[in-house]
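The values are calculated or read from the model by the stated rules, or taken from the named source; none is laboratory data. Predicted model, so just to flag it, every value in this text is computed and none were measured. Don't worry about glycine lacking a Cβ; one is built from the backbone with ideal geometry, like all the others, and counts go over all protein chains shown.
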Amino acid sequence: MPRPGNLAPTLAAGYRRVDAITRASEGEAGGGDMAERLAGKVIALTGAGSGIGRACALRYAAEGAAVVVNDVDPEAARRVVVEIEKAGGRARAHAGDVTKPETSEALADAAVAAFGRLDVFHANAGGAMPTPIAATDHARWRRDLDLNLDAVWFGTKAALRVMVPQGRGVILVTSSGAGLGGVHGLSAYGAAKAGVINLMQVTALEYGPKGIRANAICPGTMDTPQLRAWLDAQPGRDRFAAGIPLGRLGRPDEIAHAAVFLASDEASYVTGAALVVDGGIASTMAVPSSD
Ligand SMILES: NC(=O)c1ccc[n+]([C@@H]2O[C@H](COP(=O)([O-])OP(=O)(O)OC[C@H]3O[C@@H](n4cnc5c(N)ncnc54)[C@H](O)[C@@H]3O)[C@@H](O)[C@H]2O)c1
């Protein structure tokens, strides 16, 4: 056990790193807390070059984790790694398409090779553009399921391969409010996002006794490039935010804060949960307002 007197320089260095990374992501990562809630953890994160994934990567690093940053866009992954490293954090880029099973396998291996183990696998990559059911052909349906369901299954299996022998680990999945209820134009995406919640629950059930927790986050409408592209195609886009109980779109860092909690030991008794972070959307019913 280190003597308390010897801890001061380590803590001071840790606090400086949290401050630097928080400043680097100011306006996105937000907050200014001084504790490293993920100190020493190794996290592999998919689709981390943009939006929610980028915010999670920055926040994980700010909380003391080493992050392996995956994205299908190698430049985007590299940029996030540079942001983390400039602020004093630890990260590696690992480009690849998660619809190919070998990408998640290689990502889990890269985490172990670079940092010695894998504590958290966050399957975040996903997305779709809205198409009504009648206009959705089989190729489109397959593409949306490949990215939003099959890729999460590949990630889960890759993570378990490393975590089961370790006897511990956390699997996180970015699902969606569209996996909890119907959203116009999102039939394939919604089916996939509902599917990953159930996959996560079965993972929690089968692997809880082996020390592995599995949870999902269900974002509402978060202000990311993907959401902006979707929103721009909506006829009622100007009135959209007013229909959200909190009256605004969410920020990616608001998902990152929830992800830090689920990834951390603070959530040691939380498994099989789908945490809704949506400004209240899922709590409403589509009943016309009298106002
Ligand atoms: N933005 C929202 O409102 C919202 C709401 C609910 C759920 N989500 C979910 O959150 C996650 C992140 O979405 P976002 O809004 O941040 O999107 P985004 O488009 O901003 O970022 C997604 C990232 O994933 C990468 N990516 C895409 N396909 C990939 C693949 N095959 N392999 C590896 N990387 C790939 C992209 O290059 C991009 O960098 C997705 O799973 C999405 O479905 C988003």
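Mind checking which residues of the range 143-185 are within 14 Å of the ligand (Cβ to nearest atom), buried (at least 24 other Cβ atoms within 10 Å of the Cβ) and not in a helix (DSSP H, G or I)?
Leu172, Val173, Thr174, Ser175, Ser176 - these are the residues of the range 143-185 that are within 14 Å of the ligand (Cβ to nearest atom), buried (at least 24 other Cβ atoms within 10 Å of the Cβ) and not in a helix (DSSP H, G or I).
Residue by residue through the range 92-114, note down the ones that are assigned to a helix (DSSP H, G or I) and either surrounded by fewer than 16 Cβ atoms within 10 Å (Cβ to Cβ) or of a type in the set (A, V, I, L, M) (or both).
Matches in the range 92-114: Pro101, Glu102, Ala106, Leu107, Ala108, Ala110, Ala111, Val112, Ala113, Ala114.
Identify, by number, the condition in (1) outside any loop (DSSP other than H, G, I, E, B); (2) touching a residue at least 40 places away in the same chain (Cβ under 8 Å); (3) within 13 Å of the ligand (Cβ to nearest atom) that Tyr60 doesn't meet.
Only one criterion in (1) outside any loop (DSSP other than H, G, I, E, B); (2) touching a residue at least 40 places away in the same chain (Cβ under 8 Å); (3) within 13 Å of the ligand (Cβ to nearest atom) is unmet by Tyr60, namely (3).
Working only within the range 219-233, note down all residues that are more than 6 Å from the ligand (Cβ to nearest atom) and farther than 23 Å from Pro132 by Cβ.
Asp223
Those residues that are free of Cβ contacts under 8 Å to residues at least 12 places away in the same chain and assigned to a helix (DSSP H, G or I), I need them from the range 115-141; list them, please.
Of everything in the range 115-141, those that are free of Cβ contacts under 8 Å to residues at least 12 places away in the same chain and assigned to a helix (DSSP H, G or I) turn out to be Ala134, Ala135, His138, Ala139.
Among the listed residues Arg117, Arg59, identify the single one that is at pLDDT 95 or above and either farther than 23 Å from Ser264 by Cα or crowded, with 17+ Cβ neighbours inside 10 Å (or both).
Of Arg117, Arg59, the one residue that is at pLDDT 95 or above and either farther than 23 Å from Ser264 by Cα or crowded, with 17+ Cβ neighbours inside 10 Å (or both) is Arg59.
From the list Val196, Val202, which one is outside any loop (DSSP other than H, G, I, E, B), hydrophobic (A, V, I, L, M, F, W, C) and away from the ligand (no atom under 12 Å from the Cβ)?
None of the other options fit; the residue is Val202.
Pro209: without any contact (Cβ under 8 Å) to a residue 12 or more places away in the chain, away from the ligand (no atom under 13 Å from the Cβ), part of a helix (DSSP H, G or I) and not aliphatic (A, V, I, L, M), yes or no?
In short, yes.
So which residues in the range 234-247 are more than 13 Å from the ligand (Cβ to nearest atom) and part of a loop (DSSP other than H, G, I, E, B)?
Pro235, Gly236, Pro245, Leu246, Gly247
In the range 41-57, how many residues are more than 13 Å from the ligand (Cβ to nearest atom) and not β-branched (Val, Ile, Thr)?
1
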